[in-house]
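Notes to accompany the following structure.
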Amino acid sequence: MHKQKGFIMKQLIIASISAIAVATGLHAQAQPIPIERLQNQQGTTISGTVRSIVGNEFVLSDGTGEVIVDAGPRWYHTVNISEGEQVTVVGEYDDDDFDAFQITRESGEVIVIRSGPGRPPWAGGPNRRN
């Protein structure tokens, strides 16, 4: 009974995440692309193991390559990712790093970094005026 409840909760979470992704325009590709084949494009999905972390940036490895994932500045929000964790990241690659829009943990928990491409909500610095 307990395992069945857990399975049902996981399915509800996945359905909720899918609905949020559709509503916010964050559409993950059906299959993550290998890191070695990243190109400059938006709405790309990658998946792998977190290898090292500095602030809100971490190295993600999928066996084909590694890329630095940028989850925004710590003064804006803190992303608590752990080394060794398996994650899937939707975002855009811009030649030297991968800008995260959302991070999905193996548990199904989704960390929304920003709503999509364009000017991030932290642009202008911590003392900006809206």
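Laboratory data are not the source of any read-out in this text; all were calculated from the coordinates shown. Because the structure is predicted, anything quoted here is derived from the model rather than measured. Cβ placement follows ideal geometry from the backbone for every residue including glycine, while neighbour counts extend to all protein chains displayed.
Skipping prolines and chain starts, which residues have an amide H placed within reach, meaning under 5 Å, of the one on N56, given they are 5 or more residues away or on another chain?
R74
Pop a pseudo-label 7 angstrom from the Cα along the beta-carbon direction at both D97 and Y76 and give the gap in nm to one decimal.
Using points 7 Å along Cα→Cβ, the separation is 1.1 nm.
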